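The values are calculated or read from the model by the stated rules, or taken from the named source; none is laboratory data. As the structure is a prediction and not an experimental result, all values here were calculated from the model. Reconstructed Cβ throughout: ideal geometry from the backbone, glycine too, with neighbour counts over all protein chains shown. We work out accessible area using only protein heavy atoms, side chains counted, and drop any ligands, DNA or RNA first. Shrake-Rupley method; radii C 1.70, N 1.55, O 1.52, S 1.80 Å.
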Amino acid sequence: MKKYQGKGVYGAVAVGKISLFKKPDAAVKRIRVVDTGNEKMRLEQAKTLAIEQLQKIYDKALKEVGEANAAIFEIHQMMLDDDDYNDSIDNIIDSQSVNAEYAVAVTADNFAEMFSAMDDEYMKARAADVRDISNRLINNLSGSVSFDTDTNEKVIICASDLAPSETVALDKNKVLAFVTAHGSSNSHTAILARNMNIPAIIGAGDEFLNEIKDGMEAIVDGYTGEVFVAPDEVTKSKALEKQFADEEKKRLLQELKGKDNVTLDGKKINIYANIGGVENIGAVLLNDAGGIGLFRSEFLYLENSDYPTEEQQFTAYKKVLESMAGKKVIIRTLDIGADKQVDYFDLKKEENPALGYRAIRICLTRPDIFKTQLRALYRASSFGNLGIMFPMITSVSELEKILAICDEVKTELNEQGVEFSDKIELGIMIETPAAALISDKLAPMVDFFSVGTNDLTQYTLACDRQNPDIEQFVDTHHEAILRLIEMSAENAHKHGAWIGICGELGADTSLTETFLRMGIDELSVSPTFVLKVRSAVRSIDLSK
Ligand code: PEP
Ligand code: MG
């Protein structure tokens, strides 16, 4: 047995088999070969397998998300048969006497670059597709599939790190736990793990990654951050006991379903849930959340290989609103950039992406994308109780521009005779110190604030949320952060707006009383934390 120490990001225990997740492009090496005919034969086999895989994905997508969304997998199959693409790979194998993986990777780069340079937006977006099919081919060639999709056994995914787009692509029904060698606990991958309700550990280290192999048994303890590989019987039975106690705790929390979020002295608060997509609604309802306080709409973009259309977005938003049956649903507009990268946006590499071209900055400079999303949101508003909020606000003028664009969209919809609700609440995220400091000016312009403590922490403490090496400096309870929240709460209330917290700190029950005393009206947390926070609220007495 060997023990490795990382940082737990979701408290739960899992026992199961390891499955190594390899990034296909990271594995590509240039290898000189003698038998180029053999490389072409391997390539042919990998292609046949890729087409079969894509057919299966197409069939699944057709059932689950409809023909329009599934069509891309049909296009991918056709791209794999494209003569220019295949000739390029063959030529590289023949002319350089190299392995097929390398020839595919070089072809992918060349084609992606060619597509990106085109003027037509549709053709530009094909760059992501060519990378996608090439990664699939390389995966098949090197046998480094992310994990065995043919067995029904759930596995512990182990990776160097996982990008949010890789995390959303995993089949959630087959993941028992996550362990990454690198990564930070405030990253979106960690947030996704919390949403998925599975034990997760980050930063287990290079030694861990180098020593594990597919199929090894392991215990993942998301509470302590420990991973035991090839555990002995005593450790295993202790882990199973802990797992059982965990289930028991969760069962007890279930008794709080249907109860109010009310303190001992009668103060009520809303406890909502954060989601990344329609597929999380089950968990929201199961955990009895009073609404959705943050729908990270960018995951719709991350899951797609092209800009989601107005219709695709409308369908997703409508589904969430209808499923919540009149309960509040706050959808955040696109928050792409920094660690949430989407190939087809073609964003430049930046020195400081967290301080760069992201979120509302993209929306305000690419109003075509923003207006498509707003149109979908306004149209969907007729089907429930919608709130729209805008991320990464730093100034009054940004908010003025946003509100003007919202008015434009409403005028257009009115002219076209398209219905939308007149009760949509508009709000902003308070996730930059600038927004908190001018919250007195911003509050009169909106219906609500939602504090994004993940980014507010990174910007206030000057600590990159993606950098695992500075975690020791990330004091989430830092007085500066709490003062900014308190100041925002006072200003919100002074101007008749309400204020919630949707960052991860909202689920930190050691601060629940502090937040209630500040007058926070809503806490929006991962669905699995709703009942835990309810339990904390019900034990607080604010009269003391
Ligand atoms: C936040 O910054 O706290 C937040 C909720 O948004 P995200 O984590 O998606 O950046
Ligand atoms: Mg944020």
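Brief remarks on what is shown
- Each DSSP beta bridge with both residues in the stretch 412-507 is either parallel or antiparallel, and the antiparallel ones are about 0%.
- In the context of the full set of protein chains, the stretch 499-544 has a per residue accessible area of 29 Å² (1.4 Å probe).
- Using C-alpha pairs below 8 Å separated by at least 6 residues, the relative contact order for the stretch 431-531 is 32 percent.
- Sorting 373-381, 413-421, 265-273, 352-360 by their mean Cβ neighbour count within 10 Å, with the most densely packed peptide first, gives 373-381, 265-273, 352-360, 413-421.
- Whole-number accessible area per residue in Å² for the stretch 154-220, which is evaluated in the context of all protein chains at 1.4 Å: 31 Å²
- Largest first, the residues 445, 392, 1 sort by 1.4 Å accessible area into 1, 445, 392.
- Charge tally for residue 205 (other residues, Cβ to Cβ under 11 Å; Lys, Arg +1; Asp, Glu -1): -2.
- Highest mean packing comes first when the peptides 294-300, 96-102, 192-198 are listed by Cβ atoms within 10 Å, giving 294-300, 192-198, 96-102.
- Average projection area in nm² (convex hull over Cα atoms of the stretch 217-341, one quarter of hull surface): 11.7 nm²
- Residues 288, 346 ordered from highest to lowest accessible area at a 1.4 Å probe: 346, 288.
- Using the rule -39500 (n - 2.57) for each DSSP H run of four or more residues, divided by the residues of the chain, the 222 nm mean residue ellipticity is -14500 deg cm²/dmol.
- The label-point distance for residue 45 and residue 224, in a model that sets each label 7 Å from Cα toward Cβ, rounds to 4.4 nm.
- Volume per residue that the Cα convex hull of the stretch 321-376 spans, once the total is divided by residue count, Å³: 111 Å³
- Taking the centroid of alpha carbons for each part, the stretch 34-98 and the stretch 196-261 are 38 Å apart.
- Range of Cα positions in the stretch 366-493 per principal axis (Å), largest first: 55, 32, 27
- Listed peptides 28-41, 312-325 by packing density, highest first (mean Cβ within 10 Å): 312-325, 28-41
- In this view, the solvent-accessible surface of residue 20, computed with a 1.4 Å probe and all protein chains in place, comes to about 30 Å².
- Global geometry of the stretch 309-413, whether rounded, prolate or oblate, following the gyration tensor of its Cα atoms and the 1.5 cut on a/c: prolate
- Relative to the compact-globule estimate of 2.2 N^0.38 Å, the Cα radius of gyration of the stretch 46-116 comes out at 1.29.
- Taking label points 7 Å from Cα along the Cα-to-Cβ direction, residue 31 and residue 213 give a separation of 1.8 nm.
- Residue-count net charge about residue 501 - beta-carbon cut-off 10 Å; Lys, Arg +1, Asp, Glu -1: -4
- Global form of the stretch 488-544, assessed from the alpha-carbon gyration tensor, a/c cut-off 1.5: oblate
- The stretch 138-294: equivalent-ellipsoid semi-axes (sqrt of 5 x gyration tensor eigenvalues, Cα, Å): 32, 20, 14
- Binning all Cα-Cα separations of the chain at 10 Å, short to long from zero, yields these whole-percent fractions: 3, 17, 26, 27, 17, 7, 2, 0, 0.
- The chain, accessible surface, carbon-and-sulfur percent (1.4 angstrom probe): 51 percent
- DSSP beta bridges fully contained in the chain are about 30 percent antiparallel.
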